[in-house]
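Right, one structure below, let's go through it.
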Amino acid sequence: MSKATRIKTPILIILLAVFLFSAAMTVRQQLQYRQIDADSLEAARIAGLNRQEAAPRRSAAPRPSEAPRPSEAASASEQPEPLPEEAAELLSIDLEALRDINEDVVGWITIPGTELSYPLVQGADNQYYLSHSWKREASSGGAVFLEVTSSRDLSDFHTIVYAHQMRNDSMFGSLKYYNSLDYLREHPSIYLAAGGAIYRYDIFSAQKAGIKSMVYRLDLEEKHLENEFFQWCLDNSVIDTGLNPSAGDQVLTLSTCVGNDRANRWVVSAVLRNVWETA
């Protein structure tokens with residue numbers, strides 16, 4: 001064997017090993033994506049959200065809880081705002097069917113027109129659902145879950161929801177696009193069905209935030225920091241939405257990872273604008 005051959009052989013072996021490792025990781029990632037999609041479709045089926053139908057099943061018309069009951073003489077412009085068609089499928093949701101499988105299910109969260117449409121769960125800590133699906137099965141894709149200290153009835157001033165950011169845009173992967181006003185205009189609202197109501201939150205800020213930044217403080221209301229929090233969100237947002245929340249408003253923040261950056265997260269915050277009672 002020549003000297004050149006002796007040199008080339010180990011290099012070829014190393015290159016082959018790298019190729020096989022990369023191929024194995026690609027296959028693993030694709031299987032992970034398929035499992036996330038399968039879990040999501042199964043959850044939608046169990047909850048009665050049949051997205052193959054031309055139109056979702058309807059229940060009784062919802063009532064916006066923030067609007068007074070109109071009088072018989074009220075004009076059309078004074079009628080309570082109806083639930084937008086983009087969220088109409090939530091009228092038929094059966095959360096109890098999901099809770100029969102996992103009592104940790106709080107509700108369902110969706111941003112219409114995106115990949116983001118999943119059961120929302122809440123565990124005993126903020127670690128379990130990083131590595132388990134909504135069905136409590138081991139999963140590197142995890143689940144969409146509520147901050148352990150947040151109220152399940154969404155009554156807090158600031159509610160935080162976490163999930164992984166997947167490269168194929170599943171879970172919270174689509175949140176990265178909120179660095180664009182065009183994307184925001186196409187997908188301005190987050191809907192959450194929980195506790196016999198449907199909530200609509202309008203997005204007002206998006207930014208990279210340190211894990212010790214104000215957005216993760218759990219004492220904002222206790223310390224009367226609501227307005228300071230809003231200003232922090234607006235000052236650091238990478239987009240100007242034109243929305244300016246104020247004390248008295250309630251906020252939902254979606255938080256996800258930023259690649260391998262352990263010190264920061266990508267967060268999208270939205271202000272509560274409507275609640276439709278369905279029960």
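The values are calculated or read from the model by the stated rules, or taken from the named source; none is laboratory data. As the structure is a computational prediction, the values presented were derived from the model and not from experiment. Reconstructed Cβ throughout: ideal geometry from the backbone, glycine too, with neighbour counts over all protein chains shown. Ligands, DNA and RNA are stripped out before the accessible areas are found, and what is left, the full protein with its side chains, is counted by its heavy atoms. Shrake-Rupley method; radii C 1.70, N 1.55, O 1.52, S 1.80 Å.
Of the residues in segment 100-128, how many are outside any loop (DSSP other than H, G, I, E, B) and farther than 25 Å from Tyr178 by Cα?
Residues that pass the stated criteria total 3.
Collect the residues in segment 116-167 that are among the charged types (D, E, K, R) and more than 23 Å from Val251 (Cα to Cα), keeping them in residue-number order.
The answer is Lys135, Arg136, Glu137, Arg167.
Read through the list (1) touching a residue at least 24 places away in the same chain (Cβ under 8 Å); (2) over 15 Å from the mean Cα position of the chain (by Cα); (3) over 15 Å from Ala194 (Cα atoms), then give the number of the only condition that Tyr128 fails.
The number of the failed condition is (1).
Can you tell me which condition Ser92 does not meet? The list is (1) surrounded by 19 or more Cβ atoms within 10 Å (Cβ to Cβ); (2) in contact with a Leu (Cβ under 9 Å, 6 or more places away or on another chain), and all the others hold.
All conditions are met except number (1).
Among what's in segment 182-238 and is more than 15 Å from the chain's Cα centre (by Cα) and hydroxyl-bearing (Ser, Thr, Tyr), pick the residue that is farthest from Gly113 (Cα to Cα).
It comes out as Ser213.
Please enumerate the residues belonging to segment 243-273 that are buried (at least 21 other Cβ atoms within 10 Å of the Cβ), part of a strand (DSSP E or B) and not aliphatic (A, V, I, L, M).
Across segment 243-273, the qualifying residues are Thr253, Ser255, Thr256, Arg265, Trp266, Ser269.
Yes or no: Tyr118 of a type outside the set (Lys, Arg) and open to solvent by less than 10 Å² (accessible area, probe 1.4 Å)?
The answer is no for Tyr118.
Yes or no, residue by residue, for (1) acidic (Asp, Glu); (2) open to solvent by 20 Å² or more (accessible area, probe 1.4 Å); (3) over 30 Å from Glu89 (Cα atoms); (4) in contact with a Cys (Cβ under 8 Å, 6 or more places away or on another chain):
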| position | (1), (2), (3), (4) |
| --- | --- |
| Ala209 | no, no, yes, no |
| Asp219 | yes, yes, yes, no |
| Glu226 | yes, yes, yes, no |
| Thr241 | no, yes, no, no |
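All but one of (1) open to solvent by less than 20 Å² (accessible area, probe 1.4 Å); (2) among the β-branched types (Val, Ile, Thr); (3) touching an Asp or Glu at 6+ places or on another chain (Cβ under 8 Å) hold for Val144; state the number of the condition that does not hold.
Val144 satisfies every listed condition except (3).
Does segment 97-107 include one or more residues that are crowded, with 20+ Cβ neighbours inside 10 Å and under 20 Å from Asn274 (Cα atoms)?
Yes: segment 97-107 contains one or more residues that are crowded, with 20+ Cβ neighbours inside 10 Å and under 20 Å from Asn274 (Cα atoms).
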